[in-house]
1. Looking at the structure I just gave you, is R224 part of a helix (DSSP H, G or I), surrounded by 10 or more Cβ atoms within 10 Å (Cβ to Cβ) and touching a residue at least 24 places away in the same chain (Cβ under 8 Å)?
2. Only one of (1) in contact with a Lys or Arg (Cβ under 9 Å, 6 or more places away or on another chain); (2) crowded, with 19+ Cβ neighbours inside 10 Å; (3) at pLDDT below 95; (4) not in a helix (DSSP H, G or I) fails for S137. Which number is that?
3. Six or more apart or on different chains, Cβ atoms under 9 Å: show the pairs whose first residue is in segment 156-167 and within 20 Å of S104 (Cα to Cα) and whose second is assigned to a loop (DSSP other than H, G, I, E, B).
4. Considering every residue within segment 179-191, establish whether at least one is assigned to a helix (DSSP H, G or I), of a type outside the set (G, A, S) and modelled with pLDDT under 95.
5. When you scan segment 130-147, do you find a residue that is over 24 Å from K212 (Cα atoms), in contact (Cβ under 8 Å) with a residue 60 or more places away in the chain and of a type in the set (D, E), even just one?
6. Would you pick out the residues in segment 140-157 that are buried (at least 20 other Cβ atoms within 10 Å of the Cβ) and under 14 Å from L190 (Cα atoms)?
7. Of Y184, Y177, which residue is more than 27 Å from K116 (Cα to Cα), buried (at least 17 other Cβ atoms within 10 Å of the Cβ) and over 21 Å from the mean Cα position of the chain (by Cα)?
Amino acid sequence: DIGMHYAYVFNKGVEFAIEFCKMYGIHYDYIGILDADMVIETKFFEKLINEFEKNPKLGVACGGLYNKIGNTLVLEKIREDILIGSAKLWRRACFEEIKGLPISYSPDVVADVIAKLRGWETGMFREIKAIQVRRISSAEGLWKGYKIQGESAYFRNYHPLFVIAKGLRYLFKRPYYIGIAYLYGYFSSLIRGMEKIDNKEVRDYYYREKHKEAIRYYTFLLFRKKRDEKGQKSARKFK
């Protein structure tokens, strides 16, 4: 899997950077990553560091993910509790506690889960811009990308009902076949009896808690939308 290879290469790169810092007496408090297919604003990491300094419990952070459509930057619709892995920053203490990226499918996401389980907070700051030059999961083609996402969901031990709900939601997104690819990836892994992540704590989190987080998040959005609509009606009434 490309994710497992990515984690291995990333960890080796970080090991080299840490040894380099030790050799030349360079002090550091943060460890960052920036993929080659990302373009960031000039003070991207400086602004993230400012957020870390405001909150000592913040262990991992990223900016908002944007697509350039014509001359307009459009924010990618991603839940705020799911950080983008291609342009992010860890507090050194957090990174050392989670021991880098696990050799896993979706290693950056699993690393965020481990950080949460260790008591660290994670944060997405949408106003700090990172621009992607290609769509998420498109590095190997959308079909293969979403199939791998389905395999990753099985590997991490997602609840089957949550997977089905997510796959059905993808069926209403263009291109519509990505939902089929996602469900195929999950259920083909189930039929093959593919091994799951070798971390019971992470497996339990994905099976018991992940879908609850999603329900809480979308319930909050629904209530906020209704509150905003009610506020707009009241404002029109008093005009």
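The values are calculated or read from the model by the stated rules, or taken from the named source; none is laboratory data. None of the values given here were measured: they were computed from a predicted structure. Quick reminder, even Gly has a Cβ in these numbers, built from the backbone with ideal geometry, and neighbours come from all protein chains shown.
1. When the stated conditions are applied, R224 does not pass them.
2. Just one mismatch for S137, condition (2).
3. R156/S104; R156/Y105; R156/S106; R156/K196; R156/I197; N157/K196; N157/I197
4. No, segment 179-191 has no match at all.
5. Within segment 130-147 (the criterion being over 24 Å from K212 (Cα atoms), in contact (Cβ under 8 Å) with a residue 60 or more places away in the chain and of a type in the set (D, E)), the answer is yes, since at least one residue qualifies.
6. If the condition is that a residue be buried (at least 20 other Cβ atoms within 10 Å of the Cβ) and under 14 Å from L190 (Cα atoms), then K147, I148, Q149, G150, E151, S152, A153, Y154, F155, R156 are the ones that fit.
7. Unique residue meeting the criteria: Y184.
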